[in-house]
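First up is the structure itself, then whatever we jot down about it.
The values are calculated or read from the model by the stated rules, or taken from the named source; none is laboratory data. All figures in this text were calculated on a predicted structure; none of them were measured in a lab. Cβ coordinates were reconstructed from backbone atoms using ideal geometry, including for glycine residues, and neighbour counts include every protein chain displayed. Just the protein is used for accessible areas: all its heavy atoms, side chains included, with ligands, DNA and RNA removed. Shrake-Rupley method; radii C 1.70, N 1.55, O 1.52, S 1.80 Å.
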There are 2 protein chains.
Amino acid sequence: MSRRAKGCVYLVGAGPGDPGLLTLRAARLLADADTVVHDRLVHPAVLEHARPHARILYVGKEGGGESVRQEDIHTLLIAQARLGRSVVRLKGGDPFVFGRGGEEALALEAAGIPYEVVPGVSSLAAVPAAAAIPITHRGVSGSVTFATAHRTEGAPDWAHLARAETLVLFMAGGRLDETTHALMSAGRAPTTPTAVVEAGTWEHQRVLEAPLSGIAREAREADVGSPALLVVGEVVSLRSQLRSLAQRP
Amino acid sequence: MSRRAKGCVYLVGAGPGDPGLLTLRAARLLADADTVVHDRLVHPAVLEHARPHARILYVGKEGGGESVRQEDIHTLLIAQARLGRSVVRLKGGDPFVFGRGGEEALALEAAGIPYEVVPGVSSLAAVPAAAAIPITHRGVSGSVTFATAHRTEGAPDWAHLARAETLVLFMAGGRLDETTHALMSAGRAPTTPTAVVEAGTWEHQRVLEAPLSGIAREAREADVGSPALLVVGEVVSLRSQLRSLAQRP
């Protein structure tokens, strides 16, 4: 990989939350950045890697909505780079996994701004792991499908998602009823072991477990908020055998 | 997360190859480990985080086969922990994504050995990213399915895999013909943009791109080896728009 440079934008994955899951390269780039542009799902301790005088700009999104328009983020990144600054664009998880990093990369490419992508630990595997759920397991699941429950266009292919050996869904608040019904209507057994992980790897992580038919009610009663992941499949039942992992808060 | 401790086994993801993609927590655990047990797909520079006098034990697997039986790895981890050592079990990518980390966790749980899981950057997203392929992209792909082409039992559900918006397959050597034919027989269009990424994020990374119907021949002619990922879906065509990323070696 090339060395960090002025006028360059680094699209960097910050990992799922736990600041220990930041990569070495991300920490070095942060320590050298003039400008850091970050989302809501970045742990405050991650930002402490930045220099005291770096500009820290928050462009976070709340729930499904956006507080700063995507186009305005592009304009901001391009403007900061054109000022000759080294810019770290820090995203929760991984920039290319439901992170809109591709859109930002295309905008930078079109503007002729040098950029790099620095992958991060994606929530998709790390959050189930933090809940003692291996998303693949020999003899239980040999594939995993990741999707988001809040697409901007079209409906998800529920028939495909229902057939996944392991299904991991990014949830926006309040769609669990709709989502679990859609999966059952598309043929997924109501008894399928299911978990919801709220704020996975963060200090306030919570895990709920129930059959697919009951998880939405469990989550509603527990007042589960965002971010949350839904994990559907027989791998969820491994939690009960990985007791010492599952007992972590 | 609890502090590192003697007699504890840490199942740690080493990331896809590039040593900069190691996590901060993995680096700290390595620096404190008495014993490090690692696979073939761990970059030598990652092992340099270990103390000079740490025991470094190689239990790597070549291709699809195993050089050390999985049960013997369990026995080794348990024995090292019972000697009161702090043991880092270092795996390429993420321990719970086709890494058999679940099996090792179950063995440790059954033996009453304390253990933790430290997620890593998974190859599944990071390797396509290193080839300038965002695995999800608004308006192009809102879900991604990961699978392995070398299952130990049963055949993959090709109908499900063929219907994935983005499909990422871990390849063992020499199955590309079989795999691409199975996908086309199950209904995937022969013209679907497809890439093979060999040794993704490593210094010797190579990327080949072709329609699904032609990628196996391309890979054979280029003598692609292991490890390799197959990426199938319209997102592959974004490479041509992300030129400055794609031009990285």
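Residues of the stretch B:79-88 that are open to solvent by 10 Å² or more (accessible area, probe 1.4 Å) and either touching a Ser or Thr at 6+ places or on another chain (Cβ under 7 Å) or within 14 Å of another protein chain (Cβ to nearest Cβ) (or both): B:Gln80, B:Arg85.
Could you grab me the full set of residues in the stretch B:229-246 that are open to solvent by 10 Å² or more (accessible area, probe 1.4 Å) and away from chain A (no Cβ under 11 Å)? Within the stretch B:229-246, B:Glu234, B:Ser237 meet the criteria. The combined condition, being in contact with a strand residue (DSSP E or B) (Cβ under 8 Å, 6 or more places away or on another chain), away from every other protein chain (no Cβ under 14 Å), buried (at least 20 other Cβ atoms within 10 Å of the Cβ) and farther than 20 Å from A:Glu116 by Cβ, is not fulfilled by B:Glu218. Report yes if some residue within the stretch B:56-70 is closer than 27 Å to A:Val235 by Cβ, more than 9 Å from chain A (Cβ to nearest Cβ), modelled with pLDDT of 95 or more and touching a strand residue (DSSP E or B) at 6+ places or on another chain (Cβ under 6 Å); otherwise report no. Checked against the condition, which is being closer than 27 Å to A:Val235 by Cβ, more than 9 Å from chain A (Cβ to nearest Cβ), modelled with pLDDT of 95 or more and touching a strand residue (DSSP E or B) at 6+ places or on another chain (Cβ under 6 Å), the stretch B:56-70 yields no hits at all. Of all residues in the stretch A:125-158, those being more than 8 Å from chain B (Cβ to nearest Cβ) and in a helix (DSSP H, G or I) number 2.
Here A:Ala5 does not fit the description of being in a loop (DSSP other than H, G, I, E, B), modelled with pLDDT of 95 or more and away from every other protein chain (no Cβ under 11 Å).
Table: residues versus (1) farther than 23 Å from A:Glu218 by Cα; (2) at pLDDT below 95; (3) open to solvent by less than 10 Å² (accessible area, probe 1.4 Å).
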position: A:Thr152; (1), (2), (3): yes, yes, no
position: A:Asp157; (1), (2), (3): yes, yes, no
position: A:Met171; (1), (2), (3): no, yes, no
position: A:Leu176; (1), (2), (3): no, yes, no
position: A:Ser185; (1), (2), (3): no, no, no
position: A:Ala189; (1), (2), (3): no, no, no
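Scanning the stretch A:105-119 for residues that are touching a Phe, Trp or Tyr at 6+ places or on another chain (Cβ under 8 Å) and not β-branched (Val, Ile, Thr) gives A:Ala105, A:Leu108, A:Glu109, A:Tyr115, A:Glu116, A:Pro119. Of the residues making up the stretch B:200-210, not a single one is more than 17 Å from B:Val127 (Cβ to Cβ), basic (Lys, Arg) and either part of a helix (DSSP H, G or I) or open to solvent by 30 Å² or more (accessible area, probe 1.4 Å) (or both). Residues that are open to solvent by less than 10 Å² (accessible area, probe 1.4 Å), more than 7 Å from chain A (Cβ to nearest Cβ) and not in a strand (DSSP E or B) within the stretch B:89-124 comprise B:Pro95, B:Glu104, B:Leu108, B:Leu124, listed in sequence order.
Within the stretch B:174-197, can one find any residue that is within 16 Å of the chain's Cα centre (by Cα), of a type outside the set (A, V, I, L, M) and over 23 Å from A:Phe146 (Cβ atoms)? Taking every residue of the stretch B:174-197 in turn, none turns out to be within 16 Å of the chain's Cα centre (by Cα), of a type outside the set (A, V, I, L, M) and over 23 Å from A:Phe146 (Cβ atoms).
Consider the stretch A:23-48 and keep the residues that are touching a residue at least 60 places away in the same chain (Cβ under 8 Å) and closer than 19 Å to A:Phe98 by Cβ. The one that is nearest to the other protein chains (Cβ to nearest Cβ) is A:Thr23.
Among the numbered conditions (1) under 30 Å from B:Leu22 (Cβ atoms); (2) open to solvent by 10 Å² or more (accessible area, probe 1.4 Å); (3) without any contact (Cβ under 8 Å) to a residue 40 or more places away in the chain; (4) outside the structural domain of A:Leu24 (by TED's automatic domain parsing), the only one that A:Val140 does not meet is (3). The residues in the stretch B:159-169 that are open to solvent by 10 Å² or more (accessible area, probe 1.4 Å) and assigned to a loop (DSSP other than H, G, I, E, B) can be counted, and the count is 2.
When the criteria are applied in full, A:Arg40 fails the requirement of being surrounded by fewer than 21 Cβ atoms within 10 Å (Cβ to Cβ), at pLDDT 95 or above, in contact with an Asp or Glu (Cβ under 9 Å, 6 or more places away or on another chain) and among the basic types (Lys, Arg). Taken over the stretch B:19-35, residues that are outside any helix (DSSP H, G or I) and under 12 Å from A:Gly120 (Cα atoms) amount to 2.
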